[in-house]
Amino acid sequence: MPSDTKPIIAPSLLSADFAQLQRDIQMVNESEAGWFHIDVMDGVFVPNISFGFPVLKYIQKYAEKPLDVHLMIVDPNRYIDRFRDHGADVISVHYEACTHLHRTVQAIRLSGAKAGVSLNPHTPVHVLHDIIEEVDLVLIMSVNPGYGGQKFIERSYQKIRELKEMITSSSSNALIEVDGGVTLENAPKLVSAGVDVLVAGNTIFSSTDPPHTISLLKG
């Protein structure tokens, strides 16, 4: 975490205006946001399709902050090096999509990116007990992955506290990221529970003043 203990804000470009994507990327560049969050969906692991490599290459061209790439895809191992080549600084894969999670995490780190593991709402945090010391980030999905604008799942607070305890009791330096239904109202409670990185899409991009909303989320 930053020394001031304030969270990293990672605006989700899935909620940006694609007709004005360069404008929205520049807004994030000039804001207090720390990362760009990029959801990659294949229509198989989740019931939606999103960014491909051409769009990611465009984002890489204009983004001046780290790219936090969340792979909601089957067999992510096939694409790790390509995502790294397209500017991914953090690559998160789903626990549920990886048969050999240690191998996948090692491959991400070998690529030069930071390695994250994401958990769907129904997946308990204890499944990460044997790998928590090897990951740089754990992404807690606080909605069912696939679509933006969903309602926050209240059980997520307990998962975050359990994960924080696991990280603290081990020698892990993993950050906790939360994605889904993050609002100005629940952001302080999430940070209090132990969240280091807040992903927000609709809350930011549907705002009348996105940079100010980012500042408010940061606290």
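Quick check on segment 3-11. Is at least one of its residues touching a Lys or Arg at 6+ places or on another chain (Cβ under 6 Å) and in contact (Cβ under 8 Å) with a residue 12 or more places away in the chain? If you could, list the steps in order and put the result at the bottom.
The first filter runs over segment 3-11 and keeps only residues touching a Lys or Arg at 6+ places or on another chain (Cβ under 6 Å), leaving 6, 9.
Adding the requirement that they be in contact (Cβ under 8 Å) with a residue 12 or more places away in the chain leaves 6, 9.
Yes: one or more hits.
Which residues, counting only those in segment 190-205, are part of a helix (DSSP H, G or I), of a type outside the set (A, V, I, L, M) and over 19 Å from Arg161 (Cβ atoms)? Spell out the reasoning first.
Residues of segment 190-205 that are part of a helix (DSSP H, G or I), as a first pass: 190-193, 202-205.
From what's left, of a type outside the set (A, V, I, L, M): 192, 202-203, 205.
Once the filter is applied, which keeps residues that are part of a helix (DSSP H, G or I), of a type outside the set (A, V, I, L, M) and over 19 Å from Arg161 (Cβ atoms), segment 190-205 yields Asn202, Thr203, Phe205.
Restricting to segment 17-54, give me the number of residues that are among the aliphatic types (A, V, I, L, M) and over 22 Å from Ile214 (Cβ atoms). Before the answer, list the steps.
Residues of segment 17-54 that are among the aliphatic types (A, V, I, L, M), as a first pass: 19, 21, 25, 27-28, 33, 38, 40-41, 44, 46, 49.
With over 22 Å from Ile214 (Cβ atoms) added as a condition, the list becomes 40-41, 44, 46, 49.
Result for segment 17-54: 5.
Could you identify the single residue in Ile38, Ile49, Ile131 that is under 18 Å from the mean Cα position of the chain (by Cα) and either surrounded by 19 or more Cβ atoms within 10 Å (Cβ to Cβ) or at pLDDT 95 or above (or both)?
Working: Ile49 fails: either surrounded by 19 or more Cβ atoms within 10 Å (Cβ to Cβ) or at pLDDT 95 or above (or both); Ile131 fails: under 18 Å from the mean Cα position of the chain (by Cα).
When all the criteria are applied, what remains is Ile38.
Which of the residues belonging to segment 190-219 are farther than 17 Å from Leu13 by Cα, of a type outside the set (Asp, Glu) and under 18 Å from the mean Cα position of the chain (by Cα)?
Residues satisfying the conditions are Leu190, Val191, Ala193, Gly194, Val195, Lys218.
In segment 191-211, what residues are touching a helix residue (DSSP H, G or I) at 6+ places or on another chain (Cβ under 7 Å) and closer than 17 Å to Ile153 by Cβ?
Ala193, Gly194, Val195, Leu198, Ala200, Gly201, Asn202, Thr203
Look through segment 134-147, keep the residues that are surrounded by 20 or more Cβ atoms within 10 Å (Cβ to Cβ) and not hydrophobic (A, V, I, L, M, F, W, C), and return whichever of them is nearest to Ser171 (Cα to Cα).
Looking at residues that are surrounded by 20 or more Cβ atoms within 10 Å (Cβ to Cβ) and not hydrophobic (A, V, I, L, M, F, W, C), I get Ser142.
What residue, among those in segment 111-128 that are outside any loop (DSSP other than H, G, I, E, B) and touching a Lys or Arg at 6+ places or on another chain (Cβ under 8 Å), is surrounded by the fewest Cβ atoms within 10 Å (Cβ to Cβ)? Spell out how you get there, then give the answer.
Step one: of segment 111-128, the residues outside any loop (DSSP other than H, G, I, E, B) are 111, 114-119, 125-128.
If we keep only those that are touching a Lys or Arg at 6+ places or on another chain (Cβ under 8 Å) too, we end up with 111, 115, 119, 125.
Values: Ser111: 17, Ala115: 23, Leu119: 19, Val125: 22.
Among those that are outside any loop (DSSP other than H, G, I, E, B) and touching a Lys or Arg at 6+ places or on another chain (Cβ under 8 Å), it is Ser111.
Filtering segment 158-189 down to residues that are of a type outside the set (Lys, Arg), outside any loop (DSSP other than H, G, I, E, B) and in contact with a Ser or Thr (Cβ under 9 Å, 6 or more places away or on another chain), which residue is surrounded by the most Cβ atoms within 10 Å (Cβ to Cβ)?
Taking the candidates together, the pick is Val178.
Please enumerate the residues belonging to segment 136-148 that are free of Cβ contacts under 8 Å to residues at least 60 places away in the same chain, in a loop (DSSP other than H, G, I, E, B) and touching a helix residue (DSSP H, G or I) at 6+ places or on another chain (Cβ under 6 Å). Explain how you work it out, then say what you get.
Within segment 136-148, the subset free of Cβ contacts under 8 Å to residues at least 60 places away in the same chain is 136, 138, 140-144.
Still in the list and also in a loop (DSSP other than H, G, I, E, B): 136, 142-144.
Ser142 - this is the single residue of segment 136-148 that is free of Cβ contacts under 8 Å to residues at least 60 places away in the same chain, in a loop (DSSP other than H, G, I, E, B) and touching a helix residue (DSSP H, G or I) at 6+ places or on another chain (Cβ under 6 Å).
Kindly establish whether Thr208 is surrounded by fewer than 20 Cβ atoms within 10 Å (Cβ to Cβ), part of a loop (DSSP other than H, G, I, E, B) and either in contact with a His (Cβ under 8 Å, 6 or more places away or on another chain) or at pLDDT 95 or above (or both).
Numbers: surrounded by fewer than 20 Cβ atoms within 10 Å (Cβ to Cβ): yes; part of a loop (DSSP other than H, G, I, E, B): yes; either in contact with a His (Cβ under 8 Å, 6 or more places away or on another chain) or at pLDDT 95 or above (or both): yes.
Here the answer is yes, as Thr208 does meet what is asked.
For segment 9-33, how many residues are outside any helix (DSSP H, G or I) and surrounded by fewer than 21 Cβ atoms within 10 Å (Cβ to Cβ)?
Pass one, segment 9-33, residues outside any helix (DSSP H, G or I): 9-12, 16-17, 31-33.
This time we only want the ones that are surrounded by fewer than 21 Cβ atoms within 10 Å (Cβ to Cβ), so: 17, 31-32.
Here the count works out to 3.
Mind checking which residues of segment 81-100 are assigned to a helix (DSSP H, G or I), crowded, with 21+ Cβ neighbours inside 10 Å and not aromatic (Phe, Trp, Tyr)? Step through it out loud before you land on a result.
Of the residues in segment 81-100, the ones assigned to a helix (DSSP H, G or I) are 81-85, 95-97.
Adding the requirement that they be crowded, with 21+ Cβ neighbours inside 10 Å leaves 83, 97.
Selection gives Ala97 alone.
Go through segment 171-189 and give me each residue that's at pLDDT below 95 and either over 15 Å from the mean Cα position of the chain (by Cα) or closer than 15 Å to Lys218 by Cβ (or both).
Ser171
Among the residues of segment 65-87, is any hydroxyl-bearing (Ser, Thr, Tyr) and touching a residue at least 24 places away in the same chain (Cβ under 8 Å)? Don't jump to the end; show me each part of the working.
Narrowing segment 65-87 to residues hydroxyl-bearing (Ser, Thr, Tyr): 79.
Add one more test, that the residue is touching a residue at least 24 places away in the same chain (Cβ under 8 Å), and what stays is none.
No - not one qualifying residue is present in segment 65-87.
The values are calculated or read from the model by the stated rules, or taken from the named source; none is laboratory data. Every value quoted in this text rests on a predicted model; they were computed, and no experiment measured them. Every residue, glycine as well, gets a Cβ built from its backbone with ideal geometry; the counts of neighbours run over all protein chains shown.
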